[in-house]
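For reference, the structure is listed below as structure tokens.
The values are calculated or read from the model by the stated rules, or taken from the named source; none is laboratory data. Keep in mind it's a predicted model, so treat the numbers as computed, not measured. Quick reminder, even Gly has a Cβ in these numbers, built from the backbone with ideal geometry, and neighbours come from all protein chains shown.
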Amino acid sequence: MNKWVRAHTNIALIKYWGKENEDLIIPKNNSLSLTLDAFYTDTSVTFDDALTEDELILDGDKQDARTLSKVQRVLDEVRTLAGLESKARIESINHVPTAAGLASSASGLAALAGAASQAAGLDLSDQELSKLARIGSGSASRSIFGGFAEWIKGHDHDSSYAVPVDDAQWDIGMLFIIVNDAKKDVSSRDGMKRTVETSPFYDGWLNSLDADLSAMKQAVSDRDIEQVGQIAERNALKMHATTLGASPPFTYWTAESMKAMDAVRALRKLGYTAYFTMDAGPNVKIICRQSDLSALKQELSKTFGDEQLIAAKPGPGLHLLN
Ligand code: ADP
Ligand code: DP6
Ligand code: CO
């Protein structure tokens, strides 16, 4: 009986947006994220000689070849490391909307790295698990760890992995405004590729990253929520600006996203510490004090439905379930 492994999603405060090496998923820049308790994936893997092909059952549905190809990168690496040839059956449950800009690829591929290595009898270090998750989806490298994690870009498979930065056991939280949980039109993978290849704004994004990253690391170590929020918001806006310069241009924002951003600015006018970040999707995440989560939720329920508002605290790293 194989074990189930759980990984939580993470949201980047300094974004990963572009690959130096698409095959190995080596990023253009370091990124820094917070792992959250509210959203996660549970996955179990069985290697079985009787299987004729790998299969992925996600939320009860057998997945197509495109989705399978992402997970096969991880499976193939595990087979190489363990000297296995058998095919695998993956069962996975997303406690997060899939492909909606809520980081399902982060929790999904991190849980897979944990479950596949466990099923193959490998006993990998967190650094090895981070590298394994990374070749499935870049952001997944950071979901091996709880709290704040930094993905060190590195330059090859062995040097590109995430490290824990701070356990986040202080007054920080995130409030999600879910404006649409449907599957996005442009995947993160395709969106960043198009941006790197065609957007004249991409260099401007890259040039300002070191400054944002070092300021963010200082703010985290100072537990300065106001600074963490300010830096994260401006970093996210710069990332989204790059997509408008792409050819063909695109944006992950919708009218509802703009409404949510306005609502966050209104919270600031009321005196709250509240800053937003957004990923490859229309949903808005508010960086705030954990102790303000219920007050902010109540304030926002004047504008959004209760089912659209999800409060999150810092979450744990990858772990086995009993
Ligand atoms: P998101 O914003 O949700 O991370 P992405 O475009 O980055 O969106 O990735 C979504 C893709 O990640 C899915 O289409 C699927 O290929 C993969 N994925 C998501 N959840 C899982 C899972 N539990 N197991 C395996 N693959 C997953
Ligand atoms: C905007 O990790 O989903 O959420 O590596 O191609 O699988 P692939 O992409 P993915 O990209 C995440 C992009 C982001 C920013 C971030 O999480 O750092
Ligand atoms: Co993703």
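Things to note:
- Filtered residues of the stretch 121-155 (kept if polar (S, T, N, Q) and either more than 22 Å from Leu84 (Cα to Cα) or within 15 Å of ligand 1 (Cβ to nearest atom) (or both)): Ser137, Ser139, Ser141, Ser143
- Here Ser69 passes the criteria (1) free of Cβ contacts under 8 Å to residues at least 40 places away in the same chain; (2) under 23 Å from Gly147 (Cα atoms) except the one numbered (2).
- Restricting the stretch 40-84 to residues that are within 17 Å of Ser137 (Cα to Cα) and touching a Ser or Thr at 6+ places or on another chain (Cβ under 6 Å), the residue that is surrounded by the fewest Cβ atoms within 10 Å (Cβ to Cβ): Leu58
- Residue in the stretch 263-282 that is touching a Pro at 6+ places or on another chain (Cβ under 8 Å) and within 16 Å of ligand 3 (Cβ to nearest atom) present: no
- Subset tally (residues that are under 19 Å from Leu34 (Cα atoms), surrounded by fewer than 22 Cβ atoms within 10 Å (Cβ to Cβ) and free of Cβ contacts under 8 Å to residues at least 40 places away in the same chain) for the stretch 85-138: 1
- Criterion: farther than 26 Å from Asp181 by Cα, free of Cβ contacts under 8 Å to residues at least 40 places away in the same chain and away from ligand 3 (no atom under 16 Å from the Cβ) - qualifying residue of Asp59, Asp76, Asp64: Asp76
- The residues of the stretch 212-236 that are of a type in the set (A, V, I, L, M, F, W, C) and touching a helix residue (DSSP H, G or I) at 6+ places or on another chain (Cβ under 9 Å), listed by number, are Leu213, Ala215, Met216, Ala219, Val220, Ile225, Val228, Ile231, Ala232.
- Given (1) within 15 Å of ligand 2 (Cβ to nearest atom); (2) touching an Asp or Glu at 6+ places or on another chain (Cβ under 8 Å); (3) outside the structural domain of Cys288 (by TED's automatic domain parsing), index of the condition Gly147 fails: (1)
Conditions tested, residue by residue: (1) within 19 Å of Leu75 (Cβ to Cβ); (2) in contact with a Phe, Trp or Tyr (Cβ under 6 Å, 6 or more places away or on another chain).
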{"residue": "Ile144", "(1), (2)": "yes, no"}
{"residue": "Pro164", "(1), (2)": "no, yes"}
{"residue": "Asn180", "(1), (2)": "no, no"}
{"residue": "Lys193", "(1), (2)": "no, no"}
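- From the options Ala236, Ala219, residue that is more than 16 Å from ligand 1 (Cβ to nearest atom) and aliphatic (A, V, I, L, M): Ala219
- Per the conditions (1) in a helix (DSSP H, G or I); (2) surrounded by fewer than 18 Cβ atoms within 10 Å (Cβ to Cβ), the sole criterion not satisfied by Phe250 is (1).
- In the set Ser130, Ser107, only one residue is within 16 Å of ligand 3 (Cβ to nearest atom), farther than 17 Å from Arg189 by Cβ and in contact with a strand residue (DSSP E or B) (Cβ under 9 Å, 6 or more places away or on another chain); that residue is Ser130.
- Cβ-Cβ under 8 Å pairs, at least 6 apart or on other chains, the stretch 1-20 side more than 16 Å from ligand 2 (Cβ to nearest atom), far side among the charged types (D, E, K, R) and at pLDDT 95 or above: Trp4/Asp42; Val5/Asp42; Arg6/Asp42
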